[in-house]
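Asks: Quick one: the structure is below, questions incoming.
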Amino acid sequence: MNHKKQEQELKSAKGFQIKIFACSDHHFYHRNIIKYANRPFDVDDEDAVQQNAKLIINRHNSIVTNDDVVLMIGDLSAGLRYNSNNVDNFKELLKLLNGRKILIRGNHDYEPDEFYLDAGFESVYEYLEIDEFFISHYPCYESRWICTQEKEHLNIINKDNCKYVIHGHIHNKNPNDWEPDGLQRINVCIDYKPNNYYPLELNIPKIQKYFKNLKF
């Protein structure tokens with residue numbers, strides 16, 4: 001048994017309570033997101049992208065420990081395909097984020113699974129379904145902006161009678177402002193005002209139990 005696994009099992013045996021966090025839409029290396037999502041930096045400042053990353057990493061690590069589980073629900077970056085010089089730096093940047101990280105892919109997460117695993121992620125998914133909770137990058141809301149993958153996720157939600165969607169993608173928009181469709185949504189975008197660039201702790205017993213029993 002490796003040391004890390006042995007330490008985790010020892011903590012579990014002592015009743016150590018891990019926390020579960022979720023966050024999304026970091027958009028590292030994406031300068032224009034500062035303007036589009038109204039982040040607190042000057043988009044024309046040469047150091048804005050670095051300042052943006054520093055803020056996100058510091059806030060993440062101030063509440064997440066390496067024993068906690070973090071669901072990173074898509075769009076870790078944007079534009080890596082167009083700037084290959086950032087790819088290796090991006091991998092090292094991701095390693096700075098605390099937690100046992102799980103990626104739910106978003107529309108900007110193009111790299112192969114091996115890339116994210118090498119960057120410290122424990123697993124990569126297109127979506128996760130835990131009882132009545134559906135975890136997707138997309139809010140899975142029927143609108144004229146719905147994409148093909150979002151439609152596929154919404155079909156699964158309807159088939160399996162899920163009641164909640166834990167999602168990102170919409171940045172600082174409030175899904176509670178939309179016309180009700182029978183689903184409750186939890187927006188974990190770091191840009192969403194209540195989240196204030198922090199991961200959101202999921203104090204949901206069924207999700208906590210799922211990850212407590214999951215063997216990484």
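Asks: Can you spot a residue in segment 77-92 that is buried (at least 19 other Cβ atoms within 10 Å of the Cβ), within 12 Å of the chain's Cα centre (by Cα) and not acidic (Asp, Glu)?
Replies: yes
Asks: Quick one: which residue in TYR197, TYR210 is surrounded by 12 or more Cβ atoms within 10 Å (Cβ to Cβ) and in contact with a helix residue (DSSP H, G or I) (Cβ under 9 Å, 6 or more places away or on another chain)?
Replies: TYR197 is the lone residue from the list that is surrounded by 12 or more Cβ atoms within 10 Å (Cβ to Cβ) and in contact with a helix residue (DSSP H, G or I) (Cβ under 9 Å, 6 or more places away or on another chain).
Asks: Does segment 11-20 contain at least one residue that is at pLDDT 95 or above, within 25 Å of TYR138 (Cβ to Cβ) and open to solvent by less than 10 Å² (accessible area, probe 1.4 Å)?
Replies: Yes: one or more hits.
Asks: Follow-up question, since we're still on this one. I'd like the full set of residues that are open to solvent by 70 Å² or more (accessible area, probe 1.4 Å) and assigned to a loop (DSSP other than H, G, I, E, B), limited to segment 182-194.
Replies: Answer for segment 182-194, where residues must be open to solvent by 70 Å² or more (accessible area, probe 1.4 Å) and assigned to a loop (DSSP other than H, G, I, E, B): GLY182, LYS193, PRO194.
Asks: Let me ask you something else. One residue is enough: does segment 42-61 have a residue meeting the conditions among the charged types (D, E, K, R), within 17 Å of HIS171 (Cβ to Cβ), at pLDDT 95 or above and open to solvent by less than 10 Å² (accessible area, probe 1.4 Å)?
Replies: The answer is no, given that none of the residues of segment 42-61 is among the charged types (D, E, K, R), within 17 Å of HIS171 (Cβ to Cβ), at pLDDT 95 or above and open to solvent by less than 10 Å² (accessible area, probe 1.4 Å).
Asks: Then there is this: What are the pairs, 6+ residues apart or on separate chains, where a residue within segment 96-113 that is more than 19 Å from ILE57 (Cβ to Cβ) has its Cβ under 7 Å from a residue that is assigned to a loop (DSSP other than H, G, I, E, B) and open to solvent by 10 Å² or more (accessible area, probe 1.4 Å)?
Replies: ILE104/TYR127; ARG105/GLU126
Asks: Something else about it: Across segment 115-125, what is the number of residues that are without any contact (Cβ under 8 Å) to a residue 60 or more places away in the chain and closer than 26 Å to GLU150 by Cβ?
Replies: 7
The values are calculated or read from the model by the stated rules, or taken from the named source; none is laboratory data. Note that this is a predicted model, so its numbers are computed, not measured. So basically every Cβ, Gly included, is an ideal-geometry build from the backbone, and we count neighbours across all protein chains shown. Each accessible area value is taken on the protein alone, full model and side chains, heavy atoms only, with ligands, DNA and RNA left out. Shrake-Rupley method; radii C 1.70, N 1.55, O 1.52, S 1.80 Å.
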